[in-house]
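The values are calculated or read from the model by the stated rules, or taken from the named source; none is laboratory data. Given the structure is predicted, the values throughout are model-derived calculations rather than measurements. In this analysis, Cβ positions are derived from the backbone assuming ideal geometry, glycine residues included, and neighbour counts consider all displayed protein chains. When the accessible area is computed, the model is the full protein with side chains, heavy atoms only, and any ligands, DNA or RNA have been set aside. Shrake-Rupley method; radii C 1.70, N 1.55, O 1.52, S 1.80 Å.
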Amino acid sequence: MTALLHIRRLQTGKKRSSHDLIARTIGNEILTGVWAPGANLPPEAVLMQRFGVSRTVLREVMKTLSAKGLVVLKTRVGTRVLNSSSWNFFDAELLGWRVEIGLDEEFRRSLLEIRLAVEPAASGLAAERRSEIQVAQLRDCVRRMGESAGDRDKFAEADLEFHQLIGVASGNPMMRSLAAVIEAALFASFSQNSPVEDARDLKETAASHGAVVDAIASGSAPLAKAAMVNVISLGQRRIARMLRSRKAGRARYQKTR
């Protein structure tokens, strides 16, 4: 599976089983507050009729939702919705559902905070542990980013592969296990804004990623960490500009009505 196909699993366009569709539907209802924390989901018979599935399928769905921390199954009590503090946002599918719903300021801030906590540290470790092959692979990603003018898919694939490779080069399997969070953060960024439409923005973005590779190649963990912070900050500034532009556009539209 290529990096781009991997990130597209967070999108809704693929064919899904009835189990997946029901889990996603109920999961989204919980995430959006249709079913509040502490509330019980409807009885099995009601959900079976709603979705047209057997008790076996429905119970498997509930096990899936329970594994994601969305519900708890209690005998003689029913299926109870858990508080958001129990939701497992390291679960790639749950993150995908949350991204599909839309990104509010709090969720964007949470993604930013986890990226700043993990990716600079991974870059620092990569500077100490990377192989020459990994450095060459990272440079290839930067090259492809710089050549992606006007092509969002090409940029997204190269950027995602870059950040995945950083996790691999860190040599820490736990860093690599956080890939789902990074994927969701990058997907959120891609869905909001991309530098490929602005030549100067694209050049700056590719150069910032190149600086990370240079620092990793030099073996300097402090420089690698700082360069990755700059990459993340640059993306956040781009999104902030986009949000301000959209807000101003809405304000102008309201004035002309």
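Let me check against my output: what whole-number percent is the relative contact order of the chain, with C-alpha pairs under 8 Å and at least 6 apart? Spell out each step's value before the answer.
Details: 303 pairs, mean separation 53.8, N = 257.
21 percent.
Here Thr64 sits with roughly 30 square angstrom of accessible surface, probe radius 1.4 Å. The angle separating the long axis of helix 132-146 from the principal Cα axis of greatest extent in the chain is about 80 degrees.
So for the chain, Kirkwood radius off the Cα pairs, Stokes-Einstein at 10 °C and 1.306 mPa s: how many µm² s⁻¹? Each step should come with its number before you reach the end.
Values: Rh = 20.1 Å.
Value of D from the Cα-based Kirkwood radius: 79 µm²/s.
Between 0 and 90 degrees, the angle of helix 221-256 with respect to the longest Cα principal axis of the chain falls at about 60 degrees. Applying a DSSP loop filter and a limit of 13 other Cβ atoms within 10 Å to the trypsin sites (Lys or Arg not before Pro) in the stretch 36-111 leaves Arg76. For the stretch 97-170, the pair-distance distribution built from all alpha carbon pairs, in bins 5 Å wide starting at 0, is 3, 15, 18, 17, 20, 16, 7, 2, 0 percent. Apolar share of the accessible surface for the chain: 53 percent from carbon plus sulfur atoms, 1.4 Å probe.
Surface exposure of the stretch 101-237, expressed per residue as accessible area with a 1.4 Å probe, stands at 45 Å². Full extension of the chain between Ser218 and Asp198 gives 4.2 nm of extra length, using 0.36 nm per residue less the Cα-Cα distance. Calculation over all alpha carbon pairs of the stretch 59-194 in 10 angstrom steps from 0 returns a P(r) of 11, 33, 31, 16, 7, 1, 0 percent. Restriction of the chymotrypsin sites (Phe, Trp or Tyr not before Pro) in the stretch 12-121 to DSSP coil positions whose beta-carbon has at most 16 other beta-carbons within 10 angstrom yields Phe90.
Evaluating 6.51 cos²θ - 1.76 cosθ + 1.60 at θ = phi - 60° for every residue in the stretch 149-166, the Karplus couplings come out as 3, x, 10, 4, 5, 5, 5, 4, 5, 5, 5, 5, 4, 4, 5, 5, 5, 4 Hz, glycine and proline recorded as x. Here Arg152 and Ala117 are evaluated by their C-beta separation; at R0 = 30 Å the FRET efficiency comes out at 0.65.
Which FRET efficiency, nearest 0.05, do Lys255 and Glu100 yield, Cβ-Cβ r, R0 30 Å? Computed FRET efficiency for Lys255 and Glu100 comes out at 0.40.
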